[in-house]
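S.K.: My questions all concern the structure below.
The values are calculated or read from the model by the stated rules, or taken from the named source; none is laboratory data. Predicted, not measured: the structure shown is a model, and the values here were computed from it. Ideal geometry is used to build each Cβ from the backbone, glycine not excepted, and the neighbour counts take in all protein chains shown. Ligands, DNA and RNA are stripped out before the accessible areas are found, and what is left, the full protein with its side chains, is counted by its heavy atoms. Shrake-Rupley method; radii C 1.70, N 1.55, O 1.52, S 1.80 Å.
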Amino acid sequence: MKTNETRTQNHRYRWSPEEIHYLETHHLILSIEDIAERLGRTPRAVQAMSYKLGLERKQPRWTEVEIQRLKKHYQPGADISTLCSLFPGRTRAAVLSMMDESGLPRPEPLWRDDELRTLKHYYPRA
């Protein structure tokens, strides 16, 4: 008989009100994996319950204050990590996306050197 090594302590048990409350209060703060580990459930189960409860993991829209802060502290060639540290709760991708939307040039190339070599290798005439 094959065993499932990834089975968790709460596998196939109903969600308790405490677990649902924990999910509702932490779904924007913690990753799905962290919540799953804390509750003894699989990430897929946490994701399914989040969907069932109508919980969104999307970050709120950028405020005008955040956009102005980005424009104020942006400098060509600036370190993206330093810039991202000014926006706790925003991912690197979100900051880069807002830079694009705001018309600010990226402080780093869109493609890394190894990615460019791969592209040139497979698409030499493009």
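S.K.: Of all the residues that make up segment 101-126, how many are closer than 27 Å to Glu64 by Cβ and of a type in the set (A, V, I, L, M, F, W, C)?
M.R.: 2
S.K.: If the Cβ limit is 8 Å and pairs must be 6+ apart or interchain, which residue in segment 107-126 that is within 24 Å of Thr82 (Cα to Cα) pairs with which residue that is acidic (Asp, Glu)?
M.R.: Matching pairs, first to second residue: Pro107/Asp79.
S.K.: Select the helices (runs of 4 or more DSSP H) contained entirely in segment 65-123, then report the ones holding at least 2 residues which are under 20 Å from Leu28 (Cα atoms) and modelled with pLDDT under 90.
M.R.: Values: elements: 80-84, 92-101, 113-122.
Correct list: 92-101.
S.K.: Now a separate question. Take the residues of segment 5-50 that are among the acidic types (Asp, Glu), over 23 Å from Thr91 (Cβ atoms) and open to solvent by 60 Å² or more (accessible area, probe 1.4 Å): which is modelled with the highest pLDDT? Spell out how you get there, then give the answer.
M.R.: So in segment 5-50, the residues among the acidic types (Asp, Glu) come out as 5, 18-19, 24, 33-34, 37.
Filter once more, keeping what is over 23 Å from Thr91 (Cβ atoms): 5, 18-19.
When the remaining residues are screened for being open to solvent by 60 Å² or more (accessible area, probe 1.4 Å), the result is 5, 18.
On the way: Glu5: 45, Glu18: 94.
So the residue we want is Glu18.
S.K.: Another one. Do we find that Arg61 is part of a helix (DSSP H, G or I), of a type outside the set (S, T, N, Q) and either open to solvent by 50 Å² or more (accessible area, probe 1.4 Å) or in contact with a strand residue (DSSP E or B) (Cβ under 6 Å, 6 or more places away or on another chain) (or both) in this structure?
M.R.: No, not satisfied.
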